[in-house]
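Novice: Here you go, one structure.
The values are calculated or read from the model by the stated rules, or taken from the named source; none is laboratory data. Just so you know, these numbers come straight off a predicted model, no measurement behind them. Positions of Cβ are generated from backbone atoms using ideal geometry, with glycine treated the same way; all protein chains shown enter the neighbour counts. These area figures cover heavy atoms from the full protein model, side chains too; ligands, DNA and RNA do not enter into them. Shrake-Rupley method; radii C 1.70, N 1.55, O 1.52, S 1.80 Å.
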Amino acid sequence: MARAIALKQRTPKNTTTARALRNNLQIPGVLYGDHIASRHFSIPVGEVAKLRKAGGATGLVDVHLEGEDRAVKAIVQDIQADPVSGKFLNVDLYQVRMDRKVHTEAHLAFVGESVAVKDFGGILVKQHAELPIECLPGDLVSHLEVPIDSLKTFEDVIRVKDLALPAGVATSLPPDEIIAAIAEPRSEEDLKAELSSEIKEGEPEVLTEKKKEEAAAAGADSAGDAAAPGKAAPKKE
């Protein structure tokens with residue numbers, strides 16, 4: 001078993017503000033689970049990247065929280081980072097029980113070569129990039145390969161039922177849900193026609209001389225109605 005990643009426990013006695021921790025190159029985090037008490041910890045910023053990579057094929061990482069007797073297995077639920085600087089802000093770890101199923105997602109890796117793409121210029125359309133899965137922690141997989149060799153025409157699709165799920169792994173998606181398909185290539189003429197249509201739809205209406213005359217006549221009729229008997233505006237005092 002690989003060396004467990006050490007986590008320093010944060011208790012009410014040694015709790016430090018998140019900003020102060022980050023200034024000391026420590027990232028705050030929380031370790032929680034189903035019917036498992038939440039514990040707060042900090043981890044050196046240099047260990048966060050290792051934590052992300054440690055899951056390997058299963059997505060499970062071994063972590064050892066300071067003050068506890070043994071290491072536990074967890075899933076990296078979330079690693080928050082600043083959208084501008086990219087600096088790590090917080091780490092969420094989900095502690096798993098090996099006897100209980102977990103619900104997570106597996107990345108779909110599309111592999112192989114499609115004749116419809118290679119020879120006919122089709123476009124691979126991925127309806128799903130992740131697959132929701134359910135399984136015991138020991139059966140976890142971080143990704144699933146999806147061969148696209150079967151996509152030979154524009155009518156071919158890959159459905160959930162076509163995926164080769166590992167033993168013990170199930171998904172909540174319907175069997176007939178489409179995972180990937182091939183879209184026909186669009187000609188230059190089609191693109192120009194669509195662009196021209198979008199431009200016309202966005203153009204303001206141009207008033208021709210005839211339309212100007214019609215608008216003027218409509219305005220005159222409205223003025224006439226306002227001056228008609230029974231419609232005169234009341235006189236001001």
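Novice: Taking the range 11-23 on its own, how many of its residues are at pLDDT 85 or above and over 30 Å from the mean Cα position of the chain (by Cα)?
Specialist: Qualifying residue count for the region: 2.
Novice: Does the range 102-123 hold any residues that are open to solvent by 30 Å² or more (accessible area, probe 1.4 Å) and of a type in the set (S, T, N, Q), and which are they?
Specialist: Across the range 102-123, the qualifying residue is only Thr104.
Novice: Would you check if Asp139 is closer than 24 Å to Gly33 by Cβ and either of a type outside the set (Gly, Ala, Ser) or open to solvent by 40 Å² or more (accessible area, probe 1.4 Å) (or both)?
Specialist: yes
Novice: If you don't mind, there's one more thing I want to ask. I'm trying to understand the selection: among the residues of the range 23-41, which are surrounded by 19 or more Cβ atoms within 10 Å (Cβ to Cβ) and more than 16 Å from Val72 (Cα to Cα)?
Specialist: Hits for the range 23-41 are Gln26, Ile27, Pro28.
Novice: If you don't mind, there's one more thing I want to ask. Could you please tell me which pairs satisfy a Cβ distance under 8 Å, a separation of 6+ or placement on different chains, a first residue in the range 148-168 that is under 15 Å from Asp119 (Cβ atoms), and a second residue that is outside any loop (DSSP other than H, G, I, E, B) and open to solvent by 80 Å² or more (accessible area, probe 1.4 Å)?
Specialist: Final answer for the pair search is Ser150/Asp162.
Novice: Among Gln9, Gln77, Gln95, which is the only one that is open to solvent by less than 40 Å² (accessible area, probe 1.4 Å), of a type in the set (S, T, N, Q) and over 30 Å from Ser150 (Cα atoms)?
Specialist: Gln95
Novice: Kindly list, by first and then second residue, each pair from a residue in the range 90-114 that is without any contact (Cβ under 8 Å) to a residue 12 or more places away in the chain to a residue that is acidic (Asp, Glu) and buried (at least 19 other Cβ atoms within 10 Å of the Cβ), limited to pairs with Cβ atoms under 8 Å and residues at least 6 apart or on different chains.
Specialist: From residues that are without any contact (Cβ under 8 Å) to a residue 12 or more places away in the chain, there are no pairs.
Novice: From Gly86, Gly59, Gly67, grab the single residue that is among the small types (Gly, Ala, Ser) and open to solvent by 50 Å² or more (accessible area, probe 1.4 Å).
Specialist: Criteria check complete, one pass: Gly67.
Novice: For the range 149-178, what are the residues that are crowded, with 16+ Cβ neighbours inside 10 Å and within 27 Å of Lys53 (Cβ to Cβ)?
Specialist: Leu163, Leu165, Val169, Thr171
Novice: In the range 46-56, which residue that is in contact (Cβ under 8 Å) with a residue 40 or more places away in the chain and exposed (fewer than 15 other Cβ atoms within 10 Å of the Cβ) is nearest to Ser142 (Cα to Cα)?
Specialist: Gly56
Novice: Mind telling me which of the residues Asp62, Asp82 ends up being of a type in the set (Asp, Glu), modelled with pLDDT of 90 or more and farther than 18 Å from Ala4 by Cβ?
Specialist: Asp82
Novice: Residue pairs, Cβ under 6 Å, 6 or more apart or interchain, first in the range 11-37 and in a loop (DSSP other than H, G, I, E, B), second at pLDDT 90 or above. List them.
Specialist: Every condition considered, the pairs that remain are Leu25/Val45.
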